[in-house]
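Presented below is the structure to which this report refers.
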Amino acid sequence: MRVVGLLRGINVGGRNRLKMADLRAAVESLGHTEVETYLQSGNVVFAVGDVHDRLGDEIAERLRDRCEVDVRVLIRTGDEMAAIVAANPYDRDDPTKVVVTFLPTDAVAPDLDLDAFAPEHLTVNGREVYLDLPNGQGRSRLTAALAKLDDGVSTSRNWRTVLALAEMSAPRQ
């Protein structure tokens, strides 16, 4: 089974610097195979014999020990990534205008007046929050408001990255 590891806050603003070769080596050192990274922002896809609740914690611990980087790692299976793609409620031509925020547990709709953030929208679906950001993520008032509510447990990816990770984690023929 192929899975995706989503690292929070890697190589952002000069903090938590991590070379992707070091990330691949850390994941391989845990016995996982077919390890690939995507971009420089903490996305790793690999084959694993057993997906279990501590898988993300094990990778985080290995990175702490080997690379002196303290991060949270969220895990999604290839099947879960395919379901995330299928559940996207927003149809945008520009994949950078849709963002998915990944959480470790089922999301709860934020206590915000969402009408105040129009034309931006969000949809909660299980452990993911889909954001429709027609003016982009960099200028988004909604993502700024959500960041204030986040206790450091989520990580976000734009739609282009979500699609790439879903493709990379799909079962291989």
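The values are calculated or read from the model by the stated rules, or taken from the named source; none is laboratory data. On a predicted model such as this, the values are computed, not experimentally measured, just so you know. Here the Cβ is made from the backbone with ideal geometry for all residues, glycine too, and neighbour counts use every protein chain on show.
Do you know which of the residues in segment 1-24 that are in a helix (DSSP H, G or I) and under 16 Å from the mean Cα position of the chain (by Cα) is surrounded by the most Cβ atoms within 10 Å (Cβ to Cβ)? Let's see the steps before the verdict.
Applying the first criterion (in a helix (DSSP H, G or I)) to segment 1-24 yields 20-24.
Cutting the leftovers down to under 16 Å from the mean Cα position of the chain (by Cα) gives us 20, 23.
Numbers: MET20: 18, LEU23: 27.
So the residue we want is LEU23.
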Report task. Please find, within segment 25-72, the residue that is surrounded by the fewest Cβ atoms within 10 Å (Cβ to Cβ) out of those that are under 21 Å from LEU163 (Cα atoms) and polar (S, T, N, Q). Result -> GLN40
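Please verify whether segment 138-151 includes one or more residues that are in a strand (DSSP E or B), outside the structural domain of LEU6 (by TED's automatic domain parsing) and surrounded by 18 or more Cβ atoms within 10 Å (Cβ to Cβ). Give the steps one after another, and end with the answer.
Within segment 138-151, the subset in a strand (DSSP E or B) is none.
No, segment 138-151 contains no residue that is in a strand (DSSP E or B), outside the structural domain of LEU6 (by TED's automatic domain parsing) and surrounded by 18 or more Cβ atoms within 10 Å (Cβ to Cβ).
Can you tell me how many residues within segment 67-124 are part of a loop (DSSP other than H, G, I, E, B) and aromatic (Phe, Trp, Tyr)?
Here the count works out to 1.
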Report task. Could you list all residues from segment 34-49 that are at pLDDT below 95 and closer than 16 Å to ARG17 by Cβ? Result -> LEU39, GLN40, SER41, GLY42
Requested in this report: Under 6 Å between Cβ atoms, at least 6 apart or on separate chains: pull out the pairs that start in segment 30-53 with a residue that is of a type in the set (Phe, Trp, Tyr) and end on any residue that is part of a loop (DSSP other than H, G, I, E, B).
Outcome: PHE46/HIS32
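Hey, could you check segment 87-111 for residues that are among the charged types (D, E, K, R) and touching a residue at least 40 places away in the same chain (Cβ under 8 Å) and say which is surrounded by the fewest Cβ atoms within 10 Å (Cβ to Cβ)?
Residues of segment 87-111 among the charged types (D, E, K, R): 91-94, 97, 106, 111.
Pick out the ones that are also touching a residue at least 40 places away in the same chain (Cβ under 8 Å) and you get 92, 97.
Values: ARG92: 13, LYS97: 19.
Step by step, filter segment 87-111, then rank; the result is ARG92.
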Requested in this report: Kindly indicate which of ILE84, ILE75 is crowded, with 16+ Cβ neighbours inside 10 Å, under 25 Å from ASP50 (Cβ atoms), out of contact with any Lys or Arg (no Cβ under 9 Å at 6 or more places or on another chain) and among the β-branched types (Val, Ile, Thr).
Outcome: ILE75
Query raised in the report: Before we move on, is LEU112 more than 14 Å from SER156 (Cβ to Cβ) and not assigned by TED's automatic domain parsing to the domain that holds VAL71?
Result: yes
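Can PRO171 be described as without any contact (Cβ under 8 Å) to a residue 60 or more places away in the chain, in a loop (DSSP other than H, G, I, E, B) and of a type outside the set (Asp, Glu)? Walk me through it before giving the result.
Values: without any contact (Cβ under 8 Å) to a residue 60 or more places away in the chain: no; in a loop (DSSP other than H, G, I, E, B): yes; of a type outside the set (Asp, Glu): yes.
In short, no.
Okay, residues lined up against (1) touching a helix residue (DSSP H, G or I) at 6+ places or on another chain (Cβ under 9 Å); (2) over 22 Å from PHE46 (Cα atoms); (3) modelled with pLDDT under 95:
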{"residue": "ALA87", "(1), (2), (3)": "no, yes, no"}
{"residue": "TYR90", "(1), (2), (3)": "yes, yes, no"}
{"residue": "LEU103", "(1), (2), (3)": "no, no, yes"}
{"residue": "ALA147", "(1), (2), (3)": "no, yes, yes"}
